[in-house]
Amino acid sequence: MVFSTKLLFRIKSYELGKHLKRQFIDRLRIYVKSGSGGKGLPKLGGIGGDGGNIIIQGKSNITLKNVYSNNLRKRYIADDGESSKKIKPYGSSGQDVVIDVPCGVTAETSSGIVIGEVNAEDEKLVIAKGGKGGSPLNDYQSQPGQAFSLNLDLKLIADIGLIGFPNAGKSTFLSLVSRARPKIANYPFTTLQPQLGTLEFDDKRVITLADLPGLIEGAHYNRGMGHKFLKHISRTKINVFIVDINGFQLNAKFEARDAFENVVFLNKELEMYDTSLVQKPSILVLNKMDTENAKEKYEKFMHQFENYETSLQQIEDYWRPLERVDFRSIFKISAKTNMNVEELCLELRELIDESEQTPKSNKTNSNSSN
Ligand SMILES: Nc1nc2c(ncn2[C@@H]2O[C@H](COP(=O)(O)OP(=O)(O)OP(=O)(O)O)[C@@H](O)[C@H]2O)c(=O)[nH]1
Ligand SMILES: [Mg+2]
């Protein structure tokens with residue numbers, strides 16, 4: 001019997017390990033309890049120590065998965081403060097528990113109330129404060145610690161988000177311009193989890209890019225990989241839409257959509273998720289310009305794009321965005337042959353520099369959406 005319990009445990013932990021290895025975790029539930037304050041001794045004026053706090057601390061080199069695997073626990077309990085004693089009237093404070101989390105984590109209570117976020121290396125946030133020790137300030141009534149479950153919600157911090165339908169070449173682009181080595185293959189949904197890469201310039205300037213799993217029409221009602229990864233572009237400074245100039249067809253059940261329709265659907269999906277994503281400075285990249293008839297398809301695309309309102313009439317009412325993404329520029333590239341990729345990177349750099357100089361309250365694209 002003992003043997004079988006052990007075996008069961010082993011199998012369970014093995015499965016958990018395997019599961020964690022494969023999965024990108026961007027939400028984690030933990031239980032925390034801060035320490036209670038130590039008792040005071042009114043007769044002696046003895047002061048109890050404060051209970052330990054539960055603190056999260058930003059670290060750039062870890063993932064949420066590490067929070068589990070480094071600590072192997074989901075419960076974090078800080079020490080109570082020491083009570084005042086005759087021989088030691090001033091009790092010591094309980095030790096804080098510091099949990100390392102990736103930068104970009106928001107701590108929320110189970111009911112969704114935001115406690116705060118950590119976005120930078122070594123930035124700390126007290127998520128559960130230890131109780132005060134008994135002292136004259138509180139009539140020697142020491143306070144209890146706080147105990148609750150909370151969610152750690154990770155939103156990746158990247159300067160640029162790569163958005164597109166599956167198979168458009170997002171990962172190919174990322175691997176061409178950065179040292180990231182995402183999986184690339186000629187089938188949809190190759191990328192199953194967001195991946196970060198960095199674009200490094202000669203003057204040591206580094207820009208981070210997030211490659212996201214492909215979106216499809218209907219992602220907002222959970223088709224394909226759904227909308228769940230779009231939260232990772234809520235903090236980007238620029239969005240890059242990567243579209244295959246040949247268009248995209250998921251399978252026989254879906255209609256073949258040309259490049260113009262791709263742009264409209266991506267726009268709509270972003271709008272359905274959060275309209276502020278539509279208003280972000282964006283660049284349109286038409287990829288695979290090395291393929292057959294790409295030039296003709298590009299001309300057709302530009303004609304549709306320049307006559308946007310008329311072209312929109314071919315698209316079902318439901319899919320027409322209410323607000324149009326105002327692309328700063330359109331690039332035709334080939335991520336396969338490296339055509340125009342350097343020019344695109346320089347443009348990205350310029351836009352990032354510009355966005356960092358612009359005060360946050362001052363939206364960069366104040367143009368009308370039409
Ligand atoms: N001819 C040509 N093929 C390309 C180009 N860019 C990417 N590909 C090919 O297109 C296929 C899909 O590329 P990926 O980079 O995996 O596409 P993705 O957008 O990351 O796809 P998902 O991860 O499924 O969303 C691969 O076979 C690439 O080799 C290009 O510029 N020209
Ligand atoms: Mg990919």
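The values are calculated or read from the model by the stated rules, or taken from the named source; none is laboratory data. Computed from a predicted structure; not experimentally measured. All Cβ positions, glycine included, derive from the backbone under ideal geometry; neighbour counts span all protein chains shown. Calculation scope for accessible area: heavy atoms of the full protein, side chains included, ligands and nucleic acids excluded. Shrake-Rupley method; radii C 1.70, N 1.55, O 1.52, S 1.80 Å.
Numbers below:
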read-out: Peptides 25-33, 125-133 ordered by average Cβ neighbours within 10 Å, highest first; value: 125-133, 25-33
read-out: Rounded to the nearest 10 Å², the accessible area of K85 at probe 1.4 Å; value: 90 Å²
read-out: Principal-axis tilt of helix 341-357 within the chain, Cα atoms, nearest 10 degrees; value: 50 degrees
read-out: Rounded tilt (10° steps) of 294-306 against the dominant C-alpha axis of the chain; value: 70 degrees
read-out: Given charges at Cβ of Lys, Arg, Asp, Glu: the range 25-154 dipole, positive-most of A107, L44, G131; value: L44
read-out: Cα lying deepest toward the dipole's positive end in the chain, options L230, Y140, F260, charges on Cβ; value: Y140
read-out: Candidate residues Y318, Y76: accessible-area rank, largest first, probe 1.4 Å; value: Y318, Y76
read-out: Overall form of the range 160-357 per C-alpha gyration tensor (a/c, 1.5; a/b vs b/c); value: rounded
read-out: Rounded accessible area per residue of the chain, 1.4 Å, Å²; value: 52 Å²
read-out: Accessible-area ranking of H227, H303, H232, largest first, probe 1.4 Å; value: H303, H227, H232
read-out: Given charges at beta-carbon only (K, R positive; D, E negative), |dipole| of the chain in Debye; value: 2260 debye
read-out: Degrees between helix 2-22 axis and first principal axis of the chain (Cα, 0 to 90, nearest 10); value: 40 degrees
read-out: Restraint check, K268/K295; K155/K237; K74/K155; K297/K336, Cα-Cα greater than 23 Å; value: K268/K295
read-out: Solvent-accessible surface ranking, highest first, for S178, S234 at 1.4 angstrom; value: S234, S178
read-out: Peptides ranked, highest mean first, by Cβ atoms within 10 Å: ranges 111-117, 239-245; value: 239-245, 111-117
read-out: Unit charges on C-beta of K, R, D, E only; dipole of the range 253-346, Debye; value: 220 debye
